[in-house]
Amino acid sequence: MAMVALLGVGCAGPEHKLGRGLANMTEIVRLNELHRSVEQGGLFYGTDVGMTTGTVQGLDRTAARTGLGIFEVLTFPLPPYHPIWTSYLAPKPEYMDGYSPRKWDEPVFYTDHSLGFSGGDIAPWVPGSQFTVFDN
């Protein structure tokens, strides 16, 4: 732990790599790559291709992003700190074209806490959640 603290304290590179690795590692739970591959396959090649080939491609990309996340978490104190394997996966997790994530309805994200109300997504962990509070 002392070596990790010594190598990681004060360096932006390891912090970004660890954060990116944790985000990629949780792809197995989010399944954004799977949903996006099915959606893109269905839009460009038809629903039957989207449901079959898109599912297989999505599972492959989910496994790849999860493995990349595990690799980045295990090697975060070591260079390189920039995103790797960008020819196959985007540096940040991708979402379906019809969905863009919003901030959660949690006190930590309240920008107007002193007024006593704020807005955000009620159930951001539900894929395709559209229910928000005070959405402008």
Practice problem: Under 13 Å from the Cβ of P77, count the other residues' Cβ atoms, weight Lys and Arg +1, Asp and Glu -1, and hand me the total. | Solution: -1
Exercise. Evaluate the distance, in nm, between pseudo-label points positioned 7 Å from the Cα of F71 and of Y45 along their respective Cα→Cβ axes.
Key: 2.5 nm
Self-check item: Longest to shortest principal axis, alpha-carbon extents of the range 11-97, angstrom
Solution: 47, 18, 17
Exercise. For D97 paired with V29, estimate the spin-label separation in nm (one decimal), with each label point 7 Å from Cα along the Cα-to-Cβ line.
Key: 3.0 nm
Self-check item: Per-residue HN-Hα couplings for the range 66-83 [Karplus 6.51, -1.76, 1.60; θ = phi - 60°; Hz; x = Gly/Pro]
Solution: 5, x, 5, x, 4, 4, 5, 5, 5, 10, 4, x, 9, x, x, 9, 7, x
Self-check item: Calculated from backbone phi, Karplus (6.51, -1.76, 1.60) coupling profile of the range 30-37 in Hz, x at Gly/Pro
Solution: 6, 6, 5, 5, 5, 4, 5, 5
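Computed from the coordinates by the stated procedures, all read-outs in this text should not be read as laboratory data. Worth saying up front: this structure is predicted, and the values here are computed from it rather than measured. Here Cβ is always computed from backbone atoms with ideal geometry, including for glycine, and neighbour counts include all displayed protein chains.
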